[in-house]
Amino acid sequence: MSSGAVQAAAGRPARGRRSLIGPRSVLRLPSARVAIAVLIGIGILTVFGATLAPQNPLTINANALFQGPSSHHLLGTDYLGRDVLSRLMAGTRLSVLTALEAVGIGLVLGTVPGVATVFLGRWFDFTANRVTDALMTLPSIFFAVAVTAALGNGLVQAMVPIGILLAPFFFRVTRAATLEHARAQYVEAAELLGASKLHVVRVHVLRKVLPTIAVTTASMTAAALLSVSFLTFLGIGVQPPAPTWGGVLSSDLDYLAQAPWAPFIPGALIAVTVGALNALADAFRDRSGAGTLLLTAPAAVTPETLERVDDDRRSQPAA
Amino acid sequence: MTVLNMPRAAAGATPPRRRRGRIIATRLGGGLAVLLPIVLISTFITYSLGALSNSDPAATILGQDAATPAAVARLNHSMGLDRPLIVQYWSWLTQALHGNLGRSYFTQIPVAQSIAQRLPVDLSIALLAVLLAIVIGGTAGTVAAVRRGGWFDRGVTVVCSAASTLPAFVVGIILVVLFAMTVHWLPANGYVGPSTSVPQWLAHIILPSLALSLAVSADIARQLRTSLVDVLERNYIVGARVRGLPYRRILFRHALRNAAGPALTILGNDFPLMLAGAVAAEAVFSLPGLGQLLLESAQTRDIPVVQGLLLVISCFVIVVNLIVNVTLNGLYRTSDGIGT
């Protein structure tokens, strides 16, 4: 530890040590490997889904309503005889990209002030925390629907508020992790050696905080994906013939009497994707001890609960 | 803080009730003081959302033919929409404190009235869901922690991971297929008020509540298991066992009490999630609740209804968090007394 501190303070971080929390050790976990395989599949569907789809997702076939899985329709057909597999494949892009849009917004709005708050003094910290607390009282789905009322019905508009409401989670986690590292002895040593704040953030803090941010990003992507599927399920933001995961599910719900098995297919797709993201976050967390705060961060507000979170954090194994 | 000596505290001796009441009251006051700016900020965000909209309510109300610039300006003035945003917000907030959330642009029904009409639906589902989550999650987490490493523990871990990835609307649909379509035990949709028939009311809300509570139960079970395993290894538990206290008493009065905190925090955290789930449950089970009202008014751009709904919902979240915090403070016990 002490030799590492000296090296770090001298501006030469011990490179070998970084692999401790690197992606390679995460890959050793079987759950992480499965999760990454699933996510690569989803990534391929996002880019090529519409072209890979075996049939046109919009073609209506009145002779093949509510068909079960067969060689011609691998996942069956819906109430208009459209191929469910093709609809899900073609719907992947919109669902995934809008989820990433929300996560991107949350990532920027959350982590930047999260790192900054430690270095900008108490006033900024207090204000940022109160705003965070206030944002956390707004339920994201309600807020998203309300924003579509104000700004117009579109998935891109609807995901902006979701992103804004993800920001508090990024902020909390980043702030806590930054705080922890910014008060470490080696940072003190670096400051004594005359390192600027920017240098400390860039070299010492940001690198240590990154695993935490990665964990949070994975679980927030899962949350955003759920929100997208839910919003499209409610019919927010998409015009009916366009396929989305939630949209497929919602039309299946209307025809449960004819095809009670149908909702399980889009349901399973959503659950598997979300599960893969969560498993990846868990694997990262297990390997690095990062992002543990996420589990215990209180939505409110009293100093006692914050203290307790700090205690919980301290009681977590370091690596 | 009073210093209780260890044996008495371990035997579960309570400090005088009045003292505990005073501590809780202080915490409540402190919590409220912290919450006030939060309420102000979140309501302002809520309010300015409507003002941000580029929709022109006066023109919408008047209709295309009657919307001459003069008429629009007159209506804007009579609705107060030509005043600065902060002034509008302040008068809206003071009116809201008196229970007046304005009227719908289109139906002219007071917003407070339509919310009050639909609130019982969500309240029933949410309360029953919280109850179910505590019972299911609490039992599973406790048993898993007590028999850690056993098959039940491993089963709980697997089920929890699966359950927390399933969104409430998918769970709802699965429940409908299982209980309403396949075995016909319970109604698939609709709502009956408790004043009409209590058994009917329960039959209609049990499936939506179950759908809502599943993910939260999983979170609670996981969190409770972790903290209970931690607490059960603490010195005071060992001490209590050495003194020969019955295991059941140690578990319930000493361990669970101190381990329940993080799980309760999770419950408070998950509450906004449950509200989203309530919207899902309303959609799946066709319940006439707040979520349906929100969707309808969002489609027609009925801004006062949307603003009122967001206000009510955020207040809900804030109140729930306050309750959770106060409960936490009453729950924690150390050798220094309660609430530390």
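To keep it simple, each residue is scored yes or no on (1) closer than 24 Å to A:Ser219 by Cα; (2) among the β-branched types (Val, Ile, Thr); (3) in contact with a Gly (Cβ under 8 Å, 6 or more places away or on another chain); (4) not in a helix (DSSP H, G or I).
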residue	(1), (2), (3), (4)
A:Gly246	yes, no, no, no
A:Ser250	no, no, yes, no
A:Ala257	no, no, no, yes
A:Ala262	no, no, yes, yes
A:Ala268	yes, no, no, no
A:Thr273	yes, yes, no, no
A:Ala279	yes, no, no, no
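When B:Ala221 is tested against (1) modelled with pLDDT of 80 or more; (2) more than 23 Å from the chain's Cα centre (by Cα); (3) among the small types (Gly, Ala, Ser), only condition (2) is not met. As for the stretch B:172-186, it holds no residue that is part of a helix (DSSP H, G or I) and either more than 14 Å from chain A (Cβ to nearest Cβ) or touching a Cys at 6+ places or on another chain (Cβ under 8 Å) (or both).
Just the residues that are within 20 Å of A:Phe66 (Cβ to Cβ), at the interface with chain B (Cβ under 9 Å from one of its Cβ atoms) and among the small types (Gly, Ala, Ser), please, taken from the stretch A:247-287. Within the stretch A:247-287, A:Ser250, A:Ala257, A:Gly267, A:Ala268 qualify. None of B:Arg257, B:Arg301, B:Arg253 is surrounded by fewer than 24 Cβ atoms within 10 Å (Cβ to Cβ), out of contact with any helix residue (DSSP H, G or I) (no Cβ under 8 Å at 6 or more places or on another chain) and at pLDDT below 85 except B:Arg253.
Just one of the numbered conditions (1) more than 24 Å from B:Ala140 (Cα to Cα); (2) crowded, with 17+ Cβ neighbours inside 10 Å is not true of B:Pro208: (1). Only residues that are under 23 Å from the mean Cα position of the chain (by Cα) and within 12 Å of chain A (Cβ to nearest Cβ) were counted in the stretch B:187-209, giving 1. Of B:Leu256, B:Leu293, all but one fail to be in a helix (DSSP H, G or I) and within 14 Å of another protein chain (Cβ to nearest Cβ); the exception is B:Leu293. Looking at the stretch B:192-202, can you tell me whether even one residue there is within 30 Å of A:Ser219 (Cα to Cα) and in contact with a helix residue (DSSP H, G or I) (Cβ under 8 Å, 6 or more places away or on another chain)? Checked against the condition, which is being within 30 Å of A:Ser219 (Cα to Cα) and in contact with a helix residue (DSSP H, G or I) (Cβ under 8 Å, 6 or more places away or on another chain), the stretch B:192-202 yields no hits at all.
The set of residues in the stretch B:227-248 being touching a residue at least 60 places away in the same chain (Cβ under 8 Å) and assigned to a helix (DSSP H, G or I) consists of B:Leu228, B:Val229, B:Leu232, B:Tyr236, B:Gly239, B:Ala240. Remark: B:Leu212 matches the filter, which requires a residue to be part of a helix (DSSP H, G or I), away from every other protein chain (no Cβ under 12 Å) and within 26 Å of B:Ile45 (Cβ to Cβ).
Yes/no per residue for (1) under 19 Å from the mean Cα position of the chain (by Cα); (2) within 28 Å of B:Ile41 (Cβ to Cβ); (3) crowded, with 16+ Cβ neighbours inside 10 Å; (4) modelled with pLDDT under 85:
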position	(1), (2), (3), (4)
A:Thr98	yes, yes, yes, no
A:Ala102	yes, yes, yes, no
A:Val112	yes, yes, no, no
A:Asp125	no, yes, yes, no
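Filtered by the rule that a residue be in a helix (DSSP H, G or I) and basic (Lys, Arg), the stretch B:93-142 gives a lone residue, B:Arg118. The numbered conditions (1) at pLDDT 75 or above; (2) over 25 Å from A:Ser250 (Cβ atoms) are all true for A:Ser71 except (1). Taken residue by residue, the stretch B:88-97 has no member that is modelled with pLDDT of 75 or more, touching a Gly at 6+ places or on another chain (Cβ under 9 Å) and within 14 Å of chain A (Cβ to nearest Cβ). Among the residues of the stretch B:280-290, those that are within 7 Å of chain A (Cβ to nearest Cβ) and either of a type in the set (Gly, Ala, Ser) or surrounded by fewer than 24 Cβ atoms within 10 Å (Cβ to Cβ) (or both) comprise B:Ala280, B:Ala283. Considering A:Ala176, A:Ala167, A:Ala134, A:Ala150, the condition of being within 7 Å of another protein chain (Cβ to nearest Cβ), assigned to a helix (DSSP H, G or I) and under 19 Å from A:Leu107 (Cα atoms) is satisfied by A:Ala134 alone. Screening B:Val146, B:Val135 for residues that are out of contact with any Lys or Arg (no Cβ under 6 Å at 6 or more places or on another chain) and touching a residue at least 12 places away in the same chain (Cβ under 8 Å) leaves exactly one candidate, B:Val146.
Conditions tested, residue by residue: (1) under 30 Å from B:Gly289 (Cβ atoms); (2) surrounded by 18 or more Cβ atoms within 10 Å (Cβ to Cβ); (3) out of contact with any Pro (no Cβ under 9 Å at 6 or more places or on another chain).
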residue: B:Ala163; (1), (2), (3): yes, yes, yes
residue: B:Gly172; (1), (2), (3): yes, yes, no
residue: B:Leu178; (1), (2), (3): yes, no, yes
residue: B:Ser197; (1), (2), (3): yes, no, yes
residue: B:Leu212; (1), (2), (3): yes, yes, yes
residue: B:Val231; (1), (2), (3): no, yes, yes
residue: B:Gly244; (1), (2), (3): no, no, yes
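The values are calculated or read from the model by the stated rules, or taken from the named source; none is laboratory data. Keep in mind that this is a model prediction, so the values were computed, not measured. Reconstructed Cβ throughout: ideal geometry from the backbone, glycine too, with neighbour counts over all protein chains shown.
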